[in-house]
Amino acid sequence: MTTLPALATAQDIAANIAGVQARIARAAQSAGRDPAAVTLVAVSKTFPAELVAHAHAAGLRHFGENWVQEAEDKLPLLSGLDPKPVWHFIGHLQTNKVKQVLGLFDVVESVDSLHLAEAIARRAGDRQVSVLLEVNVAAEASKFGFSLEDVPAAVDYLWRLPGIEVRGLMTVAPEAPDAEAVRPVFRTLAALARTLNLPELSMGMSNDFEVAIQEGATMVRLGRAIFGPRAKRVEA
C-alpha cells in the first residue's frame, strides 16, 4: 500500500523555492562565491506534472528526473512551458534506454561507465550531448559511478568521442545525519574537477546542499525541499 501525502500548493512551492534560494545565497556568500553561480535543479521524480508547472511559474528552469518511464509520461504534459525547461537525467541509465533519454533530456548527469558513454555517442547523431560523469567518491558498493582513480582517463577518452561534451562531475554523497560528515566527499570531487578543468560540479541534495555549495557545487539537486515529502511504501 502507498501512503499519499497531500500535494503542495503553488503557494507552498513558491515559498519553498524562496527559502531554498535564500539558503543557497547564504551558503555561497559564506564561501565567497556568487550565488548566481549555483544552479538549482528541482528533482521532480514521483511528483505530478502540475507541481513542476508550479515550480516553473515560481521561476525555476532546471528539473531532474530519475526514471525513463516516468519521464516519458510526464514531460510531454509540460511541453508547453515557456521558457522551455532544461531537463536533467540524474538516475541510473541502462544502455537500452539511451535513445529515449536523448529524445527527452538536455543533460545526462549520470554517465557512470565508458560503455554507457559509447552508447550515448552512437545515438547522438549531429548533437553534442552534455554529460557529467558520476563519481562514486566514497566507493559505496550500493552506488554506481567511476572510481576517483579512473576519472582522469575516462574524461580523456570521452573528450575524443564524437557527440559527447563532458561538462563536469556528479556525485551522490553517503547518507549522514550531519552534513559535515560528507564535506570531505564534496571537497575531494571539487579538487578533482579543478585538476581536470571541468566547469560543472553537481553535488548536494536536500540534506547537504549548503555544505556542497561551500565546497564548490555549481548544481544542487533538490526534491523534498521544494515539492515536499514523497509517497512512501508501507506494509499492507
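Where a number appears in this text, it was derived from the coordinates with a stated rule and is not lab data. Only a predicted model underlies this, so the values are computations on that prediction, with no experimental measurement involved. Virtual Cβ from ideal backbone geometry, glycine too; neighbours counted across all protein chains shown.
Assorted remarks:
- Sorting 39-48, 156-165 by average packing, meaning the other beta carbons within 10 Å per residue, from highest down gives 39-48, 156-165.
- The mean sequence separation of alpha-carbon pairs under 8 Å and at least six residues apart, normalised by the residue count of segment 100-209, gives a relative contact order of 26 percent.
- Mean residue ellipticity (222 nm) of the chain, computed from DSSP H runs ≥ 4 via -39,500 (n - 2.57), nearest 500: -10500 deg cm²/dmol
- Paramagnetic label zone (point 7 Å from Cα along Cα-to-C-beta, N96; backbone N under 17 Å) in segment 108-132: 116, 119-120
- DSSP H segments from the chain that extend 27 Å or more along their own axis, Cα-based, with Kyte-Doolittle mean of -1.0 or above: 10-30
- Computed on the chain, with alpha-carbon pairs under 8 angstrom and 6+ residues apart, the relative contact order is 24 percent.
- One way to sum up the overall shape of the chain is the equivalent ellipsoid from its Cα gyration tensor, whose semi-axes run 26, 23, 18 Å, largest first.
- At full extension, R127 and R194 could sit 21.5 nm farther apart than now, given 0.36 nm per residue minus the alpha carbon distance.
- Charge-dipole axis of the chain as Lys and Arg at +1 and Asp and Glu at -1 on Cβ define it, positive-most pick from G223, Q100, A57: A57
- Straight-line reach from K99: taking Cα to Cα under 20 Å and skipping same-chain neighbours fewer than 8 places apart, the aspartates and glutamates in range are E65, E70, E72, D73, E109, D112, E118, D126, E134, E165.
- The local environment of P174, defined by Cβ-Cβ distances under 13 Å, has a net charge of -3 under the rule Lys, Arg +1 and Asp, Glu -1.
- Cα centroid separation, segment 171-202 to segment 77-145: 20 Å.
- Net charge of Cβ neighbours under 13 Å - reference H92; Lys, Arg +1; Asp, Glu -1: -1
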